[in-house]
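Data first, discussion second: the structure below is written as structure tokens.
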Amino acid sequence: MNHKRISKKMGIAIFCLLAGIMALIIILHHNSFADPQEELVKKIIACVLIVLSCIIFIIFYDKLTVLPVELFENRRLIWKLARNDFKKRYAGSYLGIIWALVQPVVTVVMYWFVFENFMGSKAQFLSSGTSMPYVLFLAAGLCPWFYFSEALNNGTTALLEYNYLVKKVVFKISILPIIKVIAATFIHLFFVLVLLIVAACYGCYPTIYTIQIIYYSFCTFILVLGLSYTTCAIVIFFRDLTQIISIVLQVGMWATPILWSIAVLEDKPPIWNTIIKINPLVYIVNGYRSALCEKQWFFEDFYSTMYFWIFTVVVFGIGALIFKRLKVHFADVL
């Protein structure tokens with residue numbers, strides 16, 4: 001009991017220390033090109049969110065940490081089940097995992113053919129002014145989007161699909177959503193390889209900055225995992241959630257600058273730019289494109305990076321709390 005109390009104090013101390021360092025970096029950071037008043041508002045909001053996060057973490061420490069601990073303790077089982085889930089999906093088909101690439105590649109080709117040949121979409125410009133061929137611009141946007149949408153759909157139905165495991169008392173059902181997300185990651189890695197080949201064909205050869213695709217893939221992984229723990233817990237009691245998510249994803253694809261460039265908002269009222277950037281996937285999509293064609297690091301977009309991780313940590317914390325609260329009823333409902 002004393003050891004557990006010490007571990008709890010250490011966990012809280014480490015979290016608060018990291019939060020304090022993040023707050024200090026935000027306070028000391030200065031962008032000479034930004035509006036001083038706007039920058040001050042961003043700093044105040046970020047610091048308030050960090051303080052609230054610390055308070056919530058201290059109050060709900062036991063409930064928030066049980067999920068990460070269970071995932072770490074069962075990491076070998078998670079990896080084994082994720083591989084089996086991926087293999088099972090294409091078992092019995094002649095082409096096997098090749099089918100994992102067919103749909104996204106065909107989708108990219110069709111969008112590119114229609115938008116470039118019939119709608120006159122040409123090369124797009126990134127925030128740094130770098131020109132990017134439209135087919136590469138499109139593929140770099142669809143690559144993380146396909147990953148996010150597939151992982152969220154599969155993660156949402158993880159408990160329903162593995163309902164026979166949910167009913168087993170000794171089985172850690174908290175590992176089921178992450179199994180689905182990891183299985184989707186395997187497909188994503190194939191798509192990233194295709195993306196790099198397409199980029200090389202257009203003269204965007206891999207550089208040291210390209211390695212940031214790993215970072216942005218990790219961003220997508222953590223974000224969709226946090227969302228999946230919320231949705232997979234709720235869908236057991238509200239099955240219509242799967243249909244709602246499908247509709248939200250359809251709308252979200254057009255609300256996210258995947259087929260279009262965020263630069264078109266420059267002539268619109270500033271409120272539109274703010275509304276679009278609230279979507280955390282904007283950070284990820286722009287990050288993929290930047291990693292391919294721009295020579296800048298993710299931390300150079302300081303406030304977007306801070307916003308994304310604060311948002312993602314909050315989403316993951318909410319997901320952990322909801323999953324912990326509802327999981328005692330899963331077996332009864334299923």
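Among the residues of this structure, Thr231 counts as one that is in contact (Cβ under 8 Å) with a residue 60 or more places away in the chain and either of a type in the set (A, V, I, L, M, F, W, C) or assigned to a helix (DSSP H, G or I) (or both).
Of everything listed in (1) in a loop (DSSP other than H, G, I, E, B); (2) surrounded by fewer than 14 Cβ atoms within 10 Å (Cβ to Cβ), the single unmet condition for Pro257 is (2). Among the residues making up the stretch 193-211, a single one is crowded, with 21+ Cβ neighbours inside 10 Å and within 20 Å of the chain's Cα centre (by Cα): Leu195.
Exactly one condition in (1) in a loop (DSSP other than H, G, I, E, B); (2) under 18 Å from Leu142 (Cα atoms); (3) not polar (S, T, N, Q) is false for Leu195; which is it? Among (1) in a loop (DSSP other than H, G, I, E, B); (2) under 18 Å from Leu142 (Cα atoms); (3) not polar (S, T, N, Q), the lone unmet condition for Leu195 is (1).
Pairs meeting the criteria (first residue in the stretch 11-36 and modelled with pLDDT of 80 or more and among the hydroxyl-bearing types (Ser, Thr, Tyr), second residue assigned to a helix (DSSP H, G or I) and surrounded by fewer than 12 Cβ atoms within 10 Å (Cβ to Cβ), beta carbons under 7 Å, at least 6 apart or on different chains) are lacking. If you go through the stretch 53-66 and pick out every residue that is crowded, with 17+ Cβ neighbours inside 10 Å, more than 16 Å from Leu17 (Cα to Cα) and at pLDDT 80 or above, you end up with 1. Could you please let me know if Phe137 is buried (at least 21 other Cβ atoms within 10 Å of the Cβ), modelled with pLDDT under 90 and part of a helix (DSSP H, G or I)? Yes: the conditions hold for Phe137.
For the stretch 156-164, the criterion of being at pLDDT 90 or above, within 15 Å of the chain's Cα centre (by Cα) and either assigned by TED's automatic domain parsing to the domain that holds Val282 or in a helix (DSSP H, G or I) (or both) is satisfied by at least one residue. Being acidic (Asp, Glu) and touching a residue at least 24 places away in the same chain (Cβ under 8 Å) is a property that Glu294 has. Is it the case that Lys4 is part of a helix (DSSP H, G or I) and modelled with pLDDT of 85 or more? So Lys4 does not fit the description; no. Look at (1) within 30 Å of Thr157 (Cβ to Cβ); (2) basic (Lys, Arg); (3) surrounded by 13 or more Cβ atoms within 10 Å (Cβ to Cβ) and you find that Arg289 fails only one, number (1). The set of residues in the stretch 292-306 being surrounded by 17 or more Cβ atoms within 10 Å (Cβ to Cβ) and in a loop (DSSP other than H, G, I, E, B) consists of Glu294, Asp301. Residues that are more than 30 Å from Arg83 (Cβ to Cβ), part of a helix (DSSP H, G or I) and assigned by TED's automatic domain parsing to the domain that holds Lys295 are absent from the stretch 172-189. On inspection, Ile275 does not qualify as touching a helix residue (DSSP H, G or I) at 6+ places or on another chain (Cβ under 6 Å) and either surrounded by fewer than 17 Cβ atoms within 10 Å (Cβ to Cβ) or assigned to a helix (DSSP H, G or I) (or both). Taken together, the residues in the stretch 77-112 that are part of a helix (DSSP H, G or I), modelled with pLDDT under 75 and either touching a Gly at 6+ places or on another chain (Cβ under 9 Å) or farther than 18 Å from Glu150 by Cβ (or both) amount to 1.
The values are calculated or read from the model by the stated rules, or taken from the named source; none is laboratory data. Because the structure is a prediction, the values reported are computed rather than measured. FYI the Cβ positions are ideal-geometry reconstructions off the backbone, even for glycines, and counts take in every protein chain you see.
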